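Everything below concerns the one structure shown next.
Every read-out reported here was derived from the displayed coordinates using simple, explicitly stated rules and does not represent laboratory data. The model shown is predicted, which means the values in this text are computed figures rather than measured ones. Every residue, glycine among them, receives a Cβ derived from its backbone with ideal geometry; neighbour counts consider all protein chains shown.
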């Protein structure tokens, strides 16, 4: 099955700096790559996603890049703020034969210090 | 529109006891999923359903059973709870052909 690896497991940055989280996947049939943010005790919330026919997507301070050849994708957060502190998960999914189920990475705990 | 709801929010079980977790969604979503989340492990798929009356196994199905008798509900059963099933359980749902999944608030289960 699909194996998604995520790095780093923890990341500490100063407010205003950029943060980058990287993920690799193993199944070349995967074609959907979402990123979730999870605050302590809360449910995962989708923050951005990208499909395999797109190389980059941006939404204000957040961007995701995808390299299908290398089978890796990354989350970029610019101008970080303390409220960005949370655990971030990447995931990969392929189409209907797996019910669009998500295979998650193990998460990155991001701490933004003022 | 409540979205995805889960019942109960918290539960403590003794080893060998059984229980059922209920997931309900009011968005008319076809697909529903059960994940478990353990510290340092991310979320792992237990079972999923692509429609009423159909279920399939995910990555970690052992020790769990599921049923989807109504489109809006997806039940997760533990027949004989074990301490290894201590976890936070999340339900999610999505529309046909739409990858985006909407998560419920989670159920924190402790098995002693």
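List of remarks:
- When Rg and the Kirkwood radius Rh are both evaluated on Cα atoms of segment A:68-114, their ratio Rg/Rh stands at 1.10.
- Here segment A:16-57 is scanned for amide nitrogen atoms under 19 Å from the site 7 Å beyond the Cα of residue B:19 along Cα-to-Cβ, giving A:41-43.
- Theoretical FRET efficiency, 1/(1+(r/R0)^6), r = Cβ-Cβ of residue A:79 and residue A:53, R0 22 Å, to 0.05: 0.15
- GNM top mover of B:33, B:64, B:89 - chain B, alpha-carbon springs below 10 Å: B:64
- Mean shadow area of segment B:25-112 over all directions, Cα convex hull, nm²: 5.7
- Cα radius of gyration and Dmax for the protein assembly as shown (Å): 17.5, 51
- Across segment A:39-114, Cα pairs under 8 Å and at least six residues apart give a relative contact order of 22 percent.
- Working from label points 7 Å from Cα in the Cα-to-Cβ sense, the residue B:110 to residue B:73 distance is 2.9 nm.
- Simple label model, 7 Å out from Cα along Cβ direction - residue A:113 to residue B:96, nm: 5.3
- The coefficient of translational diffusion for chain A, derived via Stokes-Einstein from the alpha carbon Kirkwood radius under 4 °C and 1.567 mPa s, stands at 92 µm²/s.
- FRET efficiency estimate (nearest 0.05) - Cβ-Cβ, residue A:42 to residue B:28, R0 35 angstrom: 0.90
- For chain B: relative contact order, % (alpha-carbon pairs under 8 angstrom, 6 or more apart): 36
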